[in-house]
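Shown next, in C-alpha cells, is the structure this report addresses.
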Amino acid sequence: MILSIESSCDDSSLALTKIDDYKLFFHKKISQEIEHSSYGGVVPELAARLHATALPKILEEISPYLKEVKAIAVTNEPGLSVSLIEGVMMAKALGLSLGVPILPINHLKGHIYSLFIGKPQRLPLGVLLVSGGHTQILDAKSYDDIKILATTLDDSFGESFDKTAKMLGLGYPGGAIIEEYAKLGEERFNFTVPMQKSKNIAFSYSGLKNQVRVAVQKLGEKTQQDMYDIAASFQAAAISHILKQCEKVFKQTHFKEFAVVGGAGANQTLRDKMGILCEKFGSKLYLPPLEFCSDNAAMIGRAGIEAYKLKRFALPHEIKINPKVR
Ligand code: KG4
Ligand code: ZN
C-alpha cells in the first residue's frame, strides 16, 4: 500500500491506498475550520501547530498496517510552507524508520487524481481546478504532461467566496455558507462579471471582491435578506465568469472529457452549469465525489500510485518544499 500525507493548508489527512487495484483502504482527515473561523482565514502558524498534533494522532490508528507500506506519498508543493513542512517531516521520519522510499506529490496534481480514487486513470482530460489557492483550466494529457491553459491574475474562485463571507461576517471558510445564503437570495445587486470584454483567457476576482465590499459598505446596517441577496448576486457573477472563460477555451480546444476538481468544485450551481456548458460543446463531464473535492490524503495517495509506478522516488534530503509552484 501507499501511505499518503496531506498537510498543505488547514486539513491534516492520512490515507492508505492499495497499489494493485487503487482501492482506498483507510482515509481520515482532521480539519481546522473551527480554529481558523474567527480569523476569517487560515493563520499559518496556528495551522502548523494543529498539524503537529493531528497527523501523529491519525498515524496511531494505522500503526498495525505500517509493515504493508511500500512508499510514502506526501504533498510537498504548493501550499503554506509551515504547513507543508509538518507533512514532509513526518514522511521523512517514516521513510527512514520503515526503510521505504518517499514520493513528493504536487497538490494540484492530487486534485486531478481525486477523480481516479479506487479506479484506473482516464487521461487525456480537460480540467477546471477551483480551490482556495488556484483557479485554472488545464489540459491534462498524462501524469507528466499537464498544461495550464488559463489561470487567475489575482484572487482565486474559492478565495473570493471566503472574502465575501468575511465581509458579511460569516466566518471561514466561506464557500459552503455563501452557497447556502445564495439559495435564499435574489440577484438584486448588479455585480459586473469580470473581464467580459477581454479577449484573454484568464480569471480575475479582485474587482468583483471590490464591488462586494462597496455594496456592503453602502448598505451599512444589513438585513438578513440583504446578506442573502449579496451572496446570490456575488455567486452568480463569480460562476458566470468561470463559464465565460471555459467557453472561450472550449471554442479553441475540444475535450471529449472534462472535469471539475478542487474544494470549490463542491459548489452545486457550478457543477450544474458546467454540466450544461459541457453538453453544449459535446464534452462528457466528470466530477469527483463531494468528499474528495476538498483537500484530502486519498487524492495524494492516488497520484502517489502513478508516481510509484514511474519510480519518482526521492531521498529525504532531496525533498524540497515549494510553497508557490503551480
Ligand atoms: O481545495 P481546497 O480544499 O483547498 C485548497 O487547495 O485551497 O479548497 C478550499 C476552497 C475554499 O476557498 C472554500 O471556501 C472553497 O474551496 N469552497 C467552496 C465551496 N466549498 C468549498 N467554494 C464555493 N462553493 C462551495 N460550495
Ligand atoms: Zn486543495
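Each reported figure results from applying straightforward, stated rules to the coordinates on display, with no laboratory input. On a predicted model such as this, the values are computed, not experimentally measured, just so you know. Ideal geometry is used to build each Cβ from the backbone, glycine not excepted, and the neighbour counts take in all protein chains shown.
Quick rundown of the values:
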quantity	calculated
Antiparallel content of DSSP bridges confined to the range 125-287, in %, to 5	55
In degrees, nearest ten, helix 157-167 long axis to first principal axis of the chain (Cα)	60
C-alpha long axis of helix 44-61 to longest principal axis of the chain, angle in °	50
Qualifying GluC sites (Glu not before Pro) for the range 160-241 [loop in DSSP, other Cβ within 10 Å: at most 16]	186, 187, 221
Net charge of Cβ neighbours under 13 Å - reference residue 58; Lys, Arg +1; Asp, Glu -1	-2
The chain: calculated mean residue ellipticity at 222 nm from DSSP helix runs of at least 4, using -39500 (n - 2.57)	-13500 deg cm²/dmol
Cα gyration tensor, the range 125-287 - rounded (a/c under 1.5), prolate or oblate	prolate
Rounded to 10°, Cα long-axis angle of helix 224-252 versus longest principal axis of the chain	70
Distribution of pairwise C-alpha distances over the chain, 10 Å bins, in %	6, 27, 32, 23, 10, 2, 0
Over the chain, relative contact order from alpha-carbon pairs under 8 Å, at least 6 apart, %	25
Antiparallel bridge percentage (DSSP; both residues within the chain; nearest 5)	60
Highest-MSF residue in the chain out of 60, 291, 86 [GNM, Cα springs under 10 Å]	60
Around residue 193: net Lys/Arg minus Asp/Glu count, Cβ-Cβ under 14 Å	+3
Environment charge of residue 31, counting only residues whose C-beta is closer than 14 Å and scoring Lys/Arg +1, Asp/Glu -1	-4
Out-of-range pairs (alpha-carbon distance over 22 Å; input 183/256; 23/311; 29/273; 244/284; 197/256)	183/256; 29/273; 197/256
Rounded if a/c under 1.5, otherwise prolate or oblate - the range 20-130, Cα gyration tensor axes	oblate
